[in-house]
1. Output the residues belonging to segment 85-117 that are modelled with pLDDT under 80 and either under 24 Å from residue 169 (Cα atoms) or touching a helix residue (DSSP H, G or I) at 6+ places or on another chain (Cβ under 7 Å) (or both).
2. Which of the residues that make up segment 188-219 are closer than 14 Å to residue 27 by Cα and without any contact (Cβ under 8 Å) to a residue 12 or more places away in the chain?
3. Residue by residue through segment 42-72, note down the ones that are assigned to a loop (DSSP other than H, G, I, E, B) and under 13 Å from residue 217 (Cα atoms).
4. Looking only at segment 190-205, filter to residues that are closer than 18 Å to residue 160 by Cβ and out of contact with any helix residue (DSSP H, G or I) (no Cβ under 9 Å at 6 or more places or on another chain); which one of those is surrounded by the fewest Cβ atoms within 10 Å (Cβ to Cβ)?
5. Inspect all residues belonging to segment 159-170 and state whether any of them is more than 22 Å from residue 30 (Cβ to Cβ), surrounded by fewer than 17 Cβ atoms within 10 Å (Cβ to Cβ) and either free of Cβ contacts under 8 Å to residues at least 40 places away in the same chain or within 17 Å of the chain's Cα centre (by Cα) (or both).
6. Out of curiosity, is residue 121 in contact (Cβ under 8 Å) with a residue 12 or more places away in the chain, surrounded by 17 or more Cβ atoms within 10 Å (Cβ to Cβ), within 28 Å of residue 83 (Cβ to Cβ) and touching a helix residue (DSSP H, G or I) at 6+ places or on another chain (Cβ under 6 Å)?
7. Looking only at segment 1-43, which residues are buried (at least 21 other Cβ atoms within 10 Å of the Cβ) and either free of Cβ contacts under 8 Å to residues at least 60 places away in the same chain or under 21 Å from residue 77 (Cβ atoms) (or both)?
8. Tell me which residues, restricted to segment 181-204, are part of a helix (DSSP H, G or I) and more than 24 Å from residue 82 (Cα to Cα).
């Protein structure tokens, strides 16, 4: 499902180059649930961003679901993400002028699946205890509710691959447990999942754990 080989990412800053990832290589099989652990600044978010085609690597190769991302144009990457990936990153990215329901419907409209998948949104909203908040605006909900909404949006199209960055970060125990249950359920149904997390409890649901330190994989 995911092949990463020799992945390196260097950011140029006014103070010089910053190496975010250094010669990272690994593979994730279809249907696995893999966790990436490591301290803040170790490169976890950059790694997920590159696997998701949101950031170009400085060097190295990324293949997702049989497609080499390095060879795609920006337009082709956007289309590929829509068809193959779900993203649940630390910042929800909800559009302030739209209700929660309207925010969640947007990905369905892009894939012309509003009627087919609206039922899934309703089911996930019930499972994540957000049904009563669907008509609220992002400014009217809590950070935990926004995080849960972002997960619903990421999963609404049943993507083959889900990338989630700290999905339970700073959440209360109940919210974290709800998210863990949903992630396990989708994984059991075949969704490949790569999580970046500091949450030791969440990490326990992984089939494998990768550790990043200073941009490199360590044992």
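1. 90, 91, 92, 107, 108, 110, 111, 114, 117
2. none
3. 42, 43
4. My answer is 190.
5. Yes, segment 159-170 contains at least one residue that is more than 22 Å from residue 30 (Cβ to Cβ), surrounded by fewer than 17 Cβ atoms within 10 Å (Cβ to Cβ) and either free of Cβ contacts under 8 Å to residues at least 40 places away in the same chain or within 17 Å of the chain's Cα centre (by Cα) (or both).
6. Against the criterion (in contact (Cβ under 8 Å) with a residue 12 or more places away in the chain, surrounded by 17 or more Cβ atoms within 10 Å (Cβ to Cβ), within 28 Å of residue 83 (Cβ to Cβ) and touching a helix residue (DSSP H, G or I) at 6+ places or on another chain (Cβ under 6 Å)), residue 121 qualifies.
7. Residues satisfying the conditions are 4, 7, 9, 20, 21, 24, 28, 43.
8. 181, 200, 201, 202, 203
The values are calculated or read from the model by the stated rules, or taken from the named source; none is laboratory data. This one's a predicted model, so the numbers in the text were calculated from it and none came from an experiment. Neighbour counts are summed over all protein chains in view; Cβ atoms, including those assigned to glycine, are modelled from backbone coordinates with ideal geometry.
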